[in-house]
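Notes to accompany the following structure.
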Amino acid sequence: QVQLVESGGGLVQPGGSLRLSCVASGIIVSSYTMGWYRQGPGNPRELVADITSAGNTNYLGSVKGRFTISRDNAKNTVYLQMNSLKPEDTAVYYCRAAYPPVAYWGQGTQVTVSS
């Protein structure tokens, strides 16, 4: 049984930082493309960042230079370090593991950026 469990969300002031974690069980994260997606109020779900099995990374344009995706193979965990947070980053953040045609999703963690 595959499980992706996100944590690390919360309320933060503009300019602050958060680190999201996605702990995987039932899969080996280094064999999958691991991604962070988000869905804000009234918006479609969008890709924020992903990392391939080869370690190549890809970012949404609006988060480049502020967010960093990384992977700890020993802990079977993927992280999203988010710096210089803005109110428009407010969303539920989801972890996804993909090995086409299969994909798994976590339950999401809320990130709210507000003063």
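The values are calculated or read from the model by the stated rules, or taken from the named source; none is laboratory data. Keep in mind it's a predicted model, so treat the numbers as computed, not measured. For neighbour counting, all protein chains shown are included, and Cβ atoms are generated from backbone atoms with ideal geometry for every residue, glycine included. Areas reflect the complete protein model, heavy atoms only, side chains present, ligands, DNA and RNA absent. Shrake-Rupley method; radii C 1.70, N 1.55, O 1.52, S 1.80 Å.
Looking at the chain as a GNM with Cα springs under 10 Å, which of Leu80, Leu11, Leu47 has the largest mean-square fluctuation?
Among Leu80, Leu11, Leu47, the largest GNM mean-square fluctuation belongs to Leu11.
Using DSSP to call loops (not H, G, I, E or B), can you name the trypsin sites (Lys or Arg not before Pro) in region 1-98 whose Cβ has at most 16 other Cβ atoms within 10 angstrom?
Arg45, Lys64, Arg66, Lys75
Kindly work out what percent of the DSSP beta bridges joining two residues of the chain are antiparallel, to the nearest 5.
Rounded to the nearest five, the antiparallel share is 95 percent.
Highest GNM mean-square fluctuation, the chain, Cα pairs closer than 10 Å: which of Ser17, Ser62, Ser70?
Ser62
Which three numbers, in whole Å and largest first, are the semi-axes of the equivalent ellipsoid of region 1-46 derived from its Cα gyration tensor as √(5λ)? Don't skip to the end; give the middle numbers.
Numbers: eigenvalues 117, 43, 19 Å².
Square roots of five times the eigenvalues give 24, 15, 10 Å.
Quick one: among Gly42, Gly16, Gly61, which has the greatest mean-square fluctuation in a GNM of the chain with alpha-carbon springs under 10 angstrom?
Gly42
Work out, in µm²/s and without decimals, the Stokes-Einstein translational diffusion coefficient of region 74-115 at 10 °C, 1.306 mPa s, Rh from Kirkwood over C-alpha pairs.
Here the translational diffusion coefficient equals 129 µm²/s.
Under a 1.4 Å probe, what is the accessible area of the chain per residue, stated in Å²?
51
Hey, with R₀ at 41 Å, roughly what FRET efficiency would Ser31 and Ser114 work out to, going by the Cβ-Cβ distance, to 0.05? Intermediate results must be reported in sequence, preceding the final value.
Numbers: r = 38 Å, r/R0 = 0.92.
Efficiency for this residue pair is about 0.65.
Semi-axes, largest first, in whole Å: what does sqrt of 5 times each Cα gyration tensor eigenvalue give for region 45-115?
Three semi-axes, in Å: 22, 14, 12.
So for the chain, averaging the separation of alpha carbon pairs under 8 Å that are six or more residues apart and normalising by length, what relative contact order in percent results? Display every interim value, and only then the final one.
Numbers: 285 pairs, mean separation 42.2, N = 115.
After rounding, I find 37 percent.
Applying the Karplus parametrisation 6.51 cos²θ - 1.76 cosθ + 1.60 with θ = phi - 60° to the phi angles of region 26-34, what ³J(HN,Hα) value in whole Hz is obtained for each residue in order, glycine and proline being reported as x?
x, 9, 10, 4, 6, 9, 10, 7, 9
With +1 on the Cβ of every Lys and Arg and -1 on the Cβ of every Asp and Glu, and nothing else charged, how large is the dipole of the chain about its Cα centre, in debye rounded to the nearest 20?
100
Testing the spin-label approximation: label points 7 Å from Cα along Cα→Cβ at Arg45 and Gln107. State their distance in nm.
With each label point 7 Å from Cα toward Cβ, the separation is 1.6 nm.
In the chain, what percent of the accessible surface is made up of carbon and sulfur (1.4 Å probe, ligands and nucleic acids excluded)? If you can, show how the numbers build up before the last one.
Numbers: 2800 of 5850 Å².
Summing carbon and sulfur atoms, their accessible area is 48 percent of the total for the chain.
How big is the convex hull of the Cα atoms of region 1-90, per residue, in Å³?
It comes to 100 Å³ per residue, whole-number rounded.
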